[in-house]
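Notes follow once the structure below has been shown.
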Amino acid sequence: MTLCKIRSLSLSILALCAVGAPAAATERPWSLAVHGGSGVLERSELTPEKEKAYRAGLDAALEAGAKVLKAGGSSLDAVEAVVRTLEDNPLFNAGKGAVFTAEGRNELDASIMDGATLKAGAVAGVTRTRNPISLARAVMEKSPHVMLAREGADLFSKEQGLEQVEPGYFRTEERWKQLETWRKDHQAMLDPTHLFGTVGAVALDQAGHLAAATSTGGMTGKRWARVGDTPIIGAGTYARDGVCAVSATGSGEYFIRETAARQVCDRIAWKGEDVQTAADQTMASITKIGGDGGLIAMDGQGRPAFGMNDLGMYRGAISSTTPTPRTAIFSNESSPR
Ligand code: GLY
């Protein structure tokens, strides 16, 4: 073989390598933020064991979402994975561990939104789906609707082949005791035990798409098929590519009245506020009308923001630049950046 032929062969091999087997793809930026409810207890009331368990629950949820995003998966898959993890964790008021209605039932609400297409799905008052967030996603992807409620949503869930559980699956003794306390002490008022609940996630994937998801059992002692902000797109959940993604937690009636999740995004899009200012100003508007709680938000570049007017919010973040889970609970503790 002549020198010339050898040279042309090696060039062909090089060209083949360049086309058929590119060097390991560079990871593009991704980002994820989660919450496990607002309100929290006084620092002195949260035992070290419980605090550790909450932080471990948030870490596990962050890791589940990060695994999806790191591998190049979609923000929609990531927020669903995060929320499923928290729904399966009995510490949080969503899925297993949800609070009870006045009649002693668990009625679950959830929603999800895709920032790329503005498609959304939501369910309210479901009683038999192990992971209501996956049912919300099925509503978005497998039905022509945005929201299904109660028996109809339960039926759709079964038809879609989602995992069904006996209603007793959601029960925990701690939540039952909270209902008993509510029955003795509160009755009929909006009860502060909502302070222990709702979970959610916002994410930016490597393709630059945003998504948001939220799930809850609502508030202890809810009656008359009460529905909070969680399954209401624009109140408890919102996502729009290039602008922001939001998931809220707190006294849902007030988040509905202030269209909280959409408000954060509109403040960014129309007023040019940065994501933290938009989150803080939205929480200020909720405080003004008497509501309490918090929200997580993420801008189009994946910068997370945490806003709250309670003693705290179980929260965390992880990203391609800081790929270790970071969590915070109390309001006087710095939020992860
Ligand atoms: N934020 C949850 C609820 O009010 O139901």
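The values are calculated or read from the model by the stated rules, or taken from the named source; none is laboratory data. From a predicted model like this one, the values you see are computed outputs, not experimental measurements. Using ideal geometry, Cβ is built from the backbone for each residue, glycine included, and neighbour counts are taken over all protein chains shown. Each accessible area value is taken on the protein alone, full model and side chains, heavy atoms only, with ligands, DNA and RNA left out. Shrake-Rupley method; radii C 1.70, N 1.55, O 1.52, S 1.80 Å.
The table below gives the values:
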quantity: First in the range 300-317 and without any contact (Cβ under 8 Å) to a residue 60 or more places away in the chain, second anywhere and buried (at least 22 other Cβ atoms within 10 Å of the Cβ) and hydroxyl-bearing (Ser, Thr, Tyr), Cβ under 7 Å, 6 or more apart; calculated: Gly307/Thr282
quantity: Asp185, sole failed condition from (1) more than 10 Å from the ligand (Cβ to nearest atom); (2) within 27 Å of Tyr54 (Cβ to Cβ); (3) acidic (Asp, Glu); (4) modelled with pLDDT of 95 or more; calculated: (4)
quantity: Only listed residue being of a type outside the set (Phe, Trp, Tyr), within 13 Å of Ala33 (Cα to Cα), modelled with pLDDT of 95 or more and open to solvent by less than 10 Å² (accessible area, probe 1.4 Å), chosen from Ala279, Ala305, Ala260; calculated: Ala305
quantity: All positions within the range 124-145 that are of a type in the set (Val, Ile, Thr) and open to solvent by 10 Å² or more (accessible area, probe 1.4 Å); calculated: Thr127
quantity: Search result, residues across the range 284-337 that are out of contact with any Lys or Arg (no Cβ under 9 Å at 6 or more places or on another chain), hydroxyl-bearing (Ser, Thr, Tyr) and within 21 Å of Gly218 (Cα to Cα); calculated: Thr287
quantity: Residue within the range 207-214 that is within 10 Å of the ligand (Cβ to nearest atom) and either of a type in the set (A, V, I, L, M, F, W, C) or open to solvent by less than 10 Å² (accessible area, probe 1.4 Å) (or both) present; calculated: yes
quantity: Answer residue from the range 215-231, given it is touching a helix residue (DSSP H, G or I) at 6+ places or on another chain (Cβ under 6 Å) and in a loop (DSSP other than H, G, I, E, B) and is nearest to the ligand (Cβ to nearest atom) among those; calculated: Gly228
quantity: Contacts under 8 angstrom Cβ, first residue in the range 69-93 being within 21 Å of Ala56 (Cα to Cα), partner open to solvent by 40 Å² or more (accessible area, probe 1.4 Å) and part of a loop (DSSP other than H, G, I, E, B), 6 or more apart; calculated: Lys70/Glu27; Lys70/Pro323; Glu87/Lys96; Glu87/Arg130; Asp88/Lys96; Asp88/Arg130; Asn89/Lys96; Pro90/Lys96
quantity: Given (1) within 11 Å of the ligand (Cβ to nearest atom); (2) open to solvent by less than 10 Å² (accessible area, probe 1.4 Å), index of the condition Ala245 fails; calculated: (1)
quantity: Among the residues listed as Ser31, Ser74, Ser8, the single one being at pLDDT below 95 and polar (S, T, N, Q); calculated: Ser8
quantity: Selection status of Ser157, surrounded by 23 or more Cβ atoms within 10 Å (Cβ to Cβ) and among the polar types (S, T, N, Q); calculated: yes
quantity: Top-ranked residue of the range 248-269 - restricted to ones that are out of contact with any helix residue (DSSP H, G or I) (no Cβ under 9 Å at 6 or more places or on another chain) and more than 10 Å from the ligand (Cβ to nearest atom), ranked as farthest from Gly208 (Cα to Cα); calculated: Arg262
